[in-house]
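Step one of this worksheet: look at the structure below.
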Amino acid sequence: MKAAVFYGRNDLRIEERPIPAPAEGEVLIRVRACGICGTDVHIFEGDEGAAQTPPGTVLGHEFSGEIAAAGPGVDGFAVGDRVCVDPNKYCGVCDACRSGHAHFCTGMIGYGTTRDGGFAEYCAVPVSQVYPIADSLSYLEAAMAEPVACCLHGIDQCQIEAGSTVLVIGGGMIGLLMLQLARLKGAAAVILSEPVAEKRALAIRLGADLAFDPTAEDAAQALRAHGVGRVDTVIECVGSPMTMAQAIELASPMATVMLFGLTKPSQEITIRPFDLFKREIVLKASYINPYTQKRAVALIQSGRLDVKSMMCPPAPLDELPAILSDPLRRSAGKYVILPCQES
């Protein structure tokens, strides 16, 4: 089978590998779609994502497909079932798992980060990690369950109140998902700060009340000019120290600031504790997708969350290294790889 294997910084090779045999309790997934995540970019560029990735690992953790084979002891699923995958497998016995905080598991396995993942024609995973998807759902949409699950964990922590105002910084895939989720949570006004005109236009179509260009006008002045008197929640989805600092500056007193974007591990921002004190700002962050995959699948299948409008045309596996190497190309939207050439 073809697989995209990570060997080190800027070194991702499309290779032939044996099709893995599912062990006891595992299923073999024929991968139909696998999304390119910001974490994949960080790994490709030599940085740590959610975990350290060993050289020789097949990347890709946002994937869907059908079950091609099942190992011994698999119940509830059969060959031919259409599924998506939660890539994070918890050990269940460490202190974090036993304390109800399993996403901080010290023995966690990450398919596509610490173990072979979905940028391959086939991938074997424990049956505990697969979720059934409806026949009406495309594999492209189902592959988005993992990023939606991550966003759900983040949006839950924001504790958005009905009738509040939410500002999202960054109109990439994650920002546009957060925008929609904030609306579903009951926000009365949802605003996007995004320099790319096409993404601003898409945000309006997806339910934003206002979308402005922060490079053309001062963000605080833009909010005031459009009658925004208070911002209750700011969700930063860029992963830049500059936009993270801006998120704190634009937050109103007693607001929640969610620093959702992933920075490089060594990057820092300057915070003035006295400023937080004077405004009672609550700073939060969000780490992976603890127990939110089922909700993500249900939400996508309901049709209430659009996960396709921000996608670029899908690409074959051979194009993956070129896409990861080209920031300008990636900035156009969400790329999904089709390892088996079917969506």
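The values are calculated or read from the model by the stated rules, or taken from the named source; none is laboratory data. Because the structure is predicted, anything quoted here is derived from the model rather than measured. For neighbour counting, all protein chains shown are included, and Cβ atoms are generated from backbone atoms with ideal geometry for every residue, glycine included.
I'm told LEU305 meets every condition in (1) closer than 25 Å to GLY207 by Cβ; (2) touching a residue at least 24 places away in the same chain (Cβ under 8 Å); (3) surrounded by fewer than 15 Cβ atoms within 10 Å (Cβ to Cβ) except one. Can you identify the failing condition by its number?
Only one criterion is unmet by LEU305, namely (3).
Going through LEU167, LEU202 one at a time, which residue ends up being over 26 Å from ASP86 (Cβ atoms) and either outside any helix (DSSP H, G or I) or among the aromatic types (Phe, Trp, Tyr) (or both)?
LEU167
Cβ-Cβ distance below 6 Å, separation of 6 or more or different chains: which pairs start in the range 216-232 with a residue that is farther than 22 Å from MET258 by Cα and at pLDDT below 95 and end on one that is buried (at least 18 other Cβ atoms within 10 Å of the Cβ) and not β-branched (Val, Ile, Thr)?
HIS226/LEU210
For the range 92-104, enumerate the residues that are surrounded by 14 or more Cβ atoms within 10 Å (Cβ to Cβ) and either β-branched (Val, Ile, Thr) or touching a strand residue (DSSP E or B) at 6+ places or on another chain (Cβ under 8 Å) (or both).
The one that is surrounded by 14 or more Cβ atoms within 10 Å (Cβ to Cβ) and either β-branched (Val, Ile, Thr) or touching a strand residue (DSSP E or B) at 6+ places or on another chain (Cβ under 8 Å) (or both): HIS103.
Kindly provide the set of residues from the range 47-91 that are surrounded by fewer than 22 Cβ atoms within 10 Å (Cβ to Cβ), among the charged types (D, E, K, R) and touching a residue at least 40 places away in the same chain (Cβ under 8 Å), ordered by number.
ASP47, GLU48, ASP75, ASP81, ARG82, LYS89
Could you say which residue among GLN180, GLN159, GLN221 is exposed (fewer than 15 other Cβ atoms within 10 Å of the Cβ) and either within 20 Å of the chain's Cα centre (by Cα) or within 17 Å of VAL282 (Cα to Cα) (or both)?
The match here is GLN159.
Restricting to the range 29-49, what's the tally of residues that are small (Gly, Ala, Ser) and within 15 Å of CYS150 (Cα to Cα)?
3
Considering each residue of the range 132-170, count those that are over 30 Å from GLY65 (Cα atoms) and of a type in the set (D, E, K, R), and give that number.
Adding up the residues that qualify gives 1.
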